[in-house]
Amino acid sequence: MSDMPAIHGTSDPRFARVREVFAENFRDRDEVGAAVAVTLDGMPVVDLWAGHSDQARTRPWERDTIVNVYSTTKGMAALCLHQLVDQGRVELDAPVARYWPEFAQAGKQSTTVRTLLGHRAGLAAVKALLPGEALYDWDAMVVALAAQEPWWTPDSAHGYHAVTFGWLVGEIVRRVSGMSLGTYFRDTIAGPLGLDFHIGLADEEHHRVAEMSPPPLPEPGAASLHLALAIMSDPAGLAARAFMNPPSMARGVNNPEWRRAEIPAANGHTDARSLARVYGALARGGSVDGVQVLSPAGIARCYTQLSHGPDLVLQLTTRFGHGFMITQPDVPGGSFGPNPRSFGHPGAGGSIGAADPDAKIGFGYVMNRMGPHILIDPRATALIDAVYAGLA
């Protein structure tokens, strides 16, 4: 049980239960530092933060603290590509090689953009062991992925592209827009919406970043234990290569090289407020405060199912729309809430951003103590349940 820190920020009286659950996460679920935010029809109704930004609990979590959100970043990478689809500059059923000619190697000439977005391309990892510095070298990673033969026949199955997703989607964005994904995101989404969300963090902002705890050991019987055993039992296999190639991923995220690189599947740095705002826009037709992020048709793509069933990488059931996870209430830790069109993306350890177009809810949660769960962390689930209690 943790000492109870002061809760900072504001919450609408309708959502008092969210504040209570946020406090419970510190008292009962060993939270160290965290923030939660909610928008309703584009308006902020919850914006709370508490705890400490370092694991020694000597520095307070401030209003402007940001933190690595791992795969929660994937939703923003997908959003960049969806904008280009909206603009008619990318066609989902076109071969990736139309935009990235070198991708046509190793039998991938027919693999489509849609296939990439559904984690169906068979490119969840690079087989050849890469040098550690490749993790921070965009060109090295896209060259390796262009040359990689798929691990399975594209579109025959799906498997979570845990880190490669960002380079695959990002290279299409770069080839079409002429900008790196981090720059494109900054100029067309984060800047116009006023988000404190960075994919490639400037050195002068590193002092605001909360320190992440190391990944915890899997709990007995947990899905993460199956994944850990698969990684350890076959160091050159799909799961191990997906999470440990380049091997510098084992260094973790509390270093300047990780923070300043653009790794759009895993190294976004942000706060809960920004997640709730961007997903809040997606929950209300694609615009907020006069800024159009995505068309209604684009939002429908986000939650339109491409993949559902056994995940060849994570070794549990996953469900994906076009670049986003979509709710699967029949799977423990798989629900974004009660409504069927909800979508978003969780990140390793617990962070999450999500949109509910039916309730017009945008949700964001970030933290710096990593939990062991693969899908939605119980801390986030408790907060999501509290949000809907406020709507009842």
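The values are calculated or read from the model by the stated rules, or taken from the named source; none is laboratory data. Because the structure is a prediction, the values reported are computed rather than measured. Quick reminder, even Gly has a Cβ in these numbers, built from the backbone with ideal geometry, and neighbours come from all protein chains shown.
One residue alone among GLY51, GLY9, GLY75 is assigned to a strand (DSSP E or B) and surrounded by 24 or more Cβ atoms within 10 Å (Cβ to Cβ), and that residue is GLY51. Filter region 98-133 down to the residues that are polar (S, T, N, Q) and closer than 26 Å to CYS302 by Cα, then identify the one that is surrounded by the most Cβ atoms within 10 Å (Cβ to Cβ). Looking at residues that are polar (S, T, N, Q) and closer than 26 Å to CYS302 by Cα, I get THR115.
Condition check ((1) within 14 Å of the chain's Cα centre (by Cα); (2) surrounded by fewer than 18 Cβ atoms within 10 Å (Cβ to Cβ)) across all residues:
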| position | (1), (2) |
| --- | --- |
| GLY290 | no, yes |
| ARG301 | no, no |
| PRO332 | no, yes |
| PHE336 | yes, no |
| ALA355 | yes, no |
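Determine which member of the set HIS198, HIS269, HIS207 is loosely packed, with under 13 Cβ neighbours inside 10 Å, modelled with pLDDT of 95 or more and out of contact with any Pro (no Cβ under 8 Å at 6 or more places or on another chain).
HIS207
Return yes when PRO264 is within 17 Å of PHE324 (Cα to Cα) and not in a strand (DSSP E or B) and no when it is not. Judged against the criteria, PRO264 is a match. Filtered by the rule that a residue be in a helix (DSSP H, G or I), in contact (Cβ under 8 Å) with a residue 40 or more places away in the chain and of a type in the set (Gly, Ala, Ser), region 217-239 gives ALA223, SER224, ALA230, ALA239. Go through region 208-235 and count every residue that is over 18 Å from the mean Cα position of the chain (by Cα) and either of a type in the set (A, V, I, L, M) or closer than 12 Å to HIS269 by Cβ (or both). Residues meeting the conditions: 11. Among the residues of region 92-115, none qualifies, meaning not one is of a type in the set (A, V, I, L, M) and touching a Gly at 6+ places or on another chain (Cβ under 9 Å).
Taking region 174-189 as the range and being under 14 Å from GLN87 (Cβ atoms) and either of a type in the set (A, V, I, L, M, F, W, C) or in contact with a strand residue (DSSP E or B) (Cβ under 7 Å, 6 or more places away or on another chain) (or both) as the test, the residues that pass are VAL176, MET179, ILE189.
The criterion of at least 1 residues that are among the β-branched types (Val, Ile, Thr) and under 30 Å from ALA125 (Cα atoms) is met, among strands (runs of 3 or more DSSP E) falling completely within region 273-392, by 317-320, 352-356, 361-367.
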